[in-house]
Structures are given as C-alpha cells and as structure tokens.
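Down below is the structure, laid out as structure tokens.
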Amino acid sequence: MNKIIPVDVSRFCFRIHRDLSVTTSEIKPGPPERIDGMTVGIVTLERDPPHGGEVHPDGDEILYVISGALKVTSDSNPGEAVHLGPGDAGIVEKGEWHKVQVLEKTQLLHIGPGPNGDHRPL
C-alpha cells in the first residue's frame, strides 16, 4: 500500500485530527466543515466570503496569501485593517471576530481550528 497519498488541493482540504492523523474532505460551497482539530485548505477567492465575519473560539487561525491581496479587519480594532499580499501571513487570535475582504483575486492558504466557530450572515 502506498504511504504517500497525492491530494488535489483544488478539490480537497486537509483535516488534521487531535491524534495528528490527516484525512481529506471534498471542498463544498461555504465555510469548511469544522472538526475537532485543524482544517487546512487552499482556496481561490474572487469575491468576499458570503458572510459578515467569523470567529474561531477553539484556537488561532493562520492566513497565508499565496497570490492576490486581502484586507482583514477585526472587531477589537475595526479602524486598522491588515493588508496581506503575496507571501504575507497573519494570525487571527482565538475568539477574535474578523472579516476578510478580497482586494483582487487571491489564492489563500488557511489553517483554522475547530470544532466550534460561528459566522455572521450578510
């Protein structure tokens, strides 16, 4: 049995479970399904996410911009946006409500904690 599994990241995200095993899950519209562990995905964003912000109460989220540009704002400091471009990364701390705005078509690597979380409708 092959111990190296190729993954098409345009169709699947990674799920890192608490025991550090890794499985994949097919990417569906909307936010990734939250698990008791971390979800890792690479997505292409051409428009703002379909919600008015989100929060991760289980841990910090990592955002890494592969290409394109984003603006990230937080509830605790709404007047100071963080701009992320190619090669830039940011950490959204546990429990911080935040919103991502797409400034140009962006390829984003995101690592988000679960199993809890919430988003605001538009």
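We did not get these values from a lab; they are worked out from the coordinates using the rules stated. It should be emphasised that the depicted structure is a prediction, and the values quoted were computed from it without experimental measurement. Neighbour counts are summed over all protein chains in view; Cβ atoms, including those assigned to glycine, are modelled from backbone coordinates with ideal geometry.
Taking a straight Cα-Cα cut-off under 17 Å and skipping sequence neighbours fewer than 8 places away in the same chain, the lysines within cross-link reach of K71 are K99, K105. Calculated FRET efficiency, E104 to T24, Cβ-Cβ distance, R0 = 25 Å: about 0.30 to the nearest 0.05. Checking (1) 28; (2) 24; (3) 31 against the coordinates, the calculated percent of Cα pairs over 24 Å apart falls under label (2).
Taking the charge dipole of the chain about its Cα centre, with +1 at Lys and Arg Cβ atoms and -1 at Asp and Glu Cβ atoms, the residue from P6, H17, V72 reaching farthest to the positive side is P6. Take every Cα pair under 8 Å whose residues are at least 6 apart in sequence, average their separation, divide by the length of the chain, and the relative contact order is 33 percent.
Placing R0 at 25 angstrom, the Cβ-Cβ distance between L122 and I5 gives a FRET efficiency of 0.10 after rounding to 0.05. Each residue of the range 9-25 was assigned a 3J(HN,Hα) from its phi angle through the Karplus expression (A = 6.51, B = -1.76, C = 1.60, θ = phi - 60°), giving 6, 7, 10, 10, 10, 9, 10, 9, 7, 4, 7, 6, 6, 10, 10, 10, 9 Hz with x at Gly and Pro.
If R₀ is 22 angstrom, what is the calculated FRET efficiency for the pair D75 and V43, using the beta carbon separation as r and rounding to 0.05?
0.45
Structural descriptor for the range 72-122: relative contact order 35 percent, calculated from alpha carbon pairs under 8 angstrom and at least 6 residues apart.
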